[in-house]
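Heads up, the thing below is written out as structure tokens.
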Amino acid sequence: MKNTVSIDLYNASSFIYKQGSISVFDVRRDIDKHDLYSAYIKLKFILTASIEISRSTSTDEILSIITAKTYSDLELDSTRQYKIAYIQSPQNGANYVYNVFVADEQTIKEQFSTVAENTGHIDYILPEPLLYNALYKNKILAPKGAECFINLGRDDAFISVYQDGELMSVRPLRYTLDFIKDKYDSQIGERLSENTFFEKFNARNLSNDVLDQILNECFSYIAEVVDGLSRLLNISISHAYLDCNDAKDWLCEFAKNFLQISPLKTGINHKDENFNNAHAMLIQGGFYEYEDEINFTIYEKAKPLYQRKSGQFFLSLITASVLAFAYPAYNYLAAYIYQNLSINLEQQTNENSKKASEYRQELSNLSFKEKNLIKVLSESENLLRNKEQYLDKIINIKDTYVMKSALLYDIGTFVSNSGTKLKSFYQDEKSLNLQLNSDDEQKLTSLLKVLSQSYNANTKQIRQSLNGFDCNITLEIQ
């Protein structure tokens, strides 16, 4: 699995996400060509445009139309090389709307060439306003209507508007933190050093009356821009997030007087002071699915041989050579294979004929044995039938035996005199089974006592039923 390296040129820091943890990365020493290197470019170094294209335009034509309109609308110098990145806006209308970002290749080289020399490649260089897409792709934020991100950097500031998790529009802001510093210096009549100003600014330790007046102007201006974007895009921006690496403890609270705003949270924290929101969003990714459409890199990783033009030519030459020799080789190989198959099939046919003859002889023997078995079975059935008839005669004699008839008569008399009913009975050679019923449990008990005195009786428990009381009794017959 690739490790992800985030690079922030503007605060000279890099971090690597490896095996579930984040650590500082040195782009001069800790290089692995298999890692994924990603960086961003500030909005102030790129141009932006909004391009409309008819919905009937085919996918293959989109890039060429965007390129032509971008050169025209932004009046680009045709003698210079540019990288153009674009992404479709979620706006609904008669035409598709694309947010277009343009960077001069010379500007990219001036900023990223040193890093690229160390790493060997940079997989992604992304426009900073597109980094917030990672928060939606990684479900840090839920895509709920229109929201905006207010990025206040020291030398760059902008607003990114997102609709349902997709970039809708970008606007630069004139109120950067450096701009605020210059206004503050001008009003107090003293030029503070950058370190002094921002140290006091972060601690809210400046002349608060002067600073508050400037910040009131700043956020009133930003609120007007947000309101203007809502009207222009025909949306209602429900919430804003402040992305600022300075004055984190108090600046967002101050801005709440002008906007419904909260500090940006990326879901990733790291103790290093250089680990900012940009690093977190570069590590999270989510925008990589757009591939080359939003990628400004000119330092792609070297492609495998089969993907390069020279490699494709070399592979084509090898393929042609193989095909030139393949046909005669195929014919020779096919003839050799078919000849061997023919010999093998002939041998198998002879063997199968021999086995068929053996099977026919075996079947003949089995048929003869079958006839003998049928004859033996018929004789056995006759013998068993005679024995069965003889046994039936013996059983009939026993069943009609006079003493048993007398027994049945006596038992019937006992049952009748007791006032109970005989529901059923069953007799075999050694026992007589009676099923009795009575409406009075006492009568049934008395009968059982009489029978037990005269015969060896086995009585089951008396049980109550819908018709009174039931009981089964078994009498042994001597």
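A probe of 1.4 angstrom, applied to the heavy atoms of all protein chains, finds SER342 with accessible area near 70 square angstrom.
You can think of it this way: the chain between SER186 and GLU117 has 20.6 nm of extra reach, that is 0.36 nm per residue less the Cα-Cα gap. Computed from label points 7 Å out along Cα-Cβ, the spacing between ASN456 and ASN382 is 4.4 nm. Say R0 is 60 Å: what FRET efficiency, to the nearest 0.05, do GLN389 and ILE337 get from their beta-carbon distance? Plugging the Cβ-Cβ distance into 1/(1 + (r/R0)^6) gives 0.20.
For LYS443, the lysines whose Cα comes closer than 25 Å to its Cα, not counting residues fewer than 8 places off in the same chain, are LYS421, LYS423, LYS460.
Answer with a single label: of [x] 37, 31, 23; [y] 98, 49, 22; [z] 64, 35, 24, which was calculated as semi-axes √(5λ) of the Cα gyration tensor in Å from the structure in view? Looking at semi-axes √(5λ) of the Cα gyration tensor in Å for this model, the match is [y]. Counting only complete DSSP H runs, which helices of the chain cover 18 Å or more along their long axis at the Cα atoms and score a mean Kyte-Doolittle of 0.5 or above? In the chain, the long hydrophobic H runs are 402-418. Note on PHE368 and SER58: the extension gain reaches 103.3 nm, defined as 0.36 nm multiplied by sequence separation minus the Cα-Cα distance.
Accessible area per residue of region 94-238 at 1.4 Å probe, in Å²? Ligands and nucleic acids excluded, the figure is 42 Å² per residue.
Provide the net charge surrounding ASN386, with neighbours chosen by a C-beta distance below 12 Å and charges set as Lys +1, Arg +1, Asp -1, Glu -1. Residues close to ASN386 contribute a combined charge of -1. Dipole size of the chain about its Cα centre, with +1 on Lys/Arg Cβ and -1 on Asp/Glu Cβ: approximately 2480 debye, rounded to the nearest 20. The slack in the chain from ALA406 to LYS256, taken as 0.36 nm per residue of separation less the alpha-carbon distance, amounts to 42.5 nm. With both labels modelled 7 Å from their Cα along Cα-to-Cβ, the SER207 to LYS354 distance reads 11.7 nm. Between LYS375 and ASN472, what FRET efficiency comes out of the Förster formula 1/(1 + (r/R0)^6) with R0 = 51 Å and r the beta carbon distance, rounded to 0.05? The calculated FRET efficiency here is 0.55. Listed by chain and number, the aspartates and glutamates whose alpha-carbon sits under 17 Å from that of LYS354, ignoring those within fewer than 8 places in the same chain, are GLU346, GLU362. Taking the accessible area of region 20-139, probe 1.4 Å, and keeping the other protein chains in place, the carbon and sulfur fraction comes to 42%.
Label point of ASP439 set 7 angstrom out along Cα-Cβ; within region 419-433, amide nitrogens under 20 Å from it belong to 419-424.
The values are calculated or read from the model by the stated rules, or taken from the named source; none is laboratory data. Bear in mind that the values here come from a model prediction, so they are computed numbers and not experimental data. Every residue, glycine as well, gets a Cβ built from its backbone with ideal geometry; the counts of neighbours run over all protein chains shown. Side chains are part of the model used for accessible areas, which takes the heavy atoms of the whole protein and leaves out ligands, DNA and RNA. Shrake-Rupley method; radii C 1.70, N 1.55, O 1.52, S 1.80 Å.
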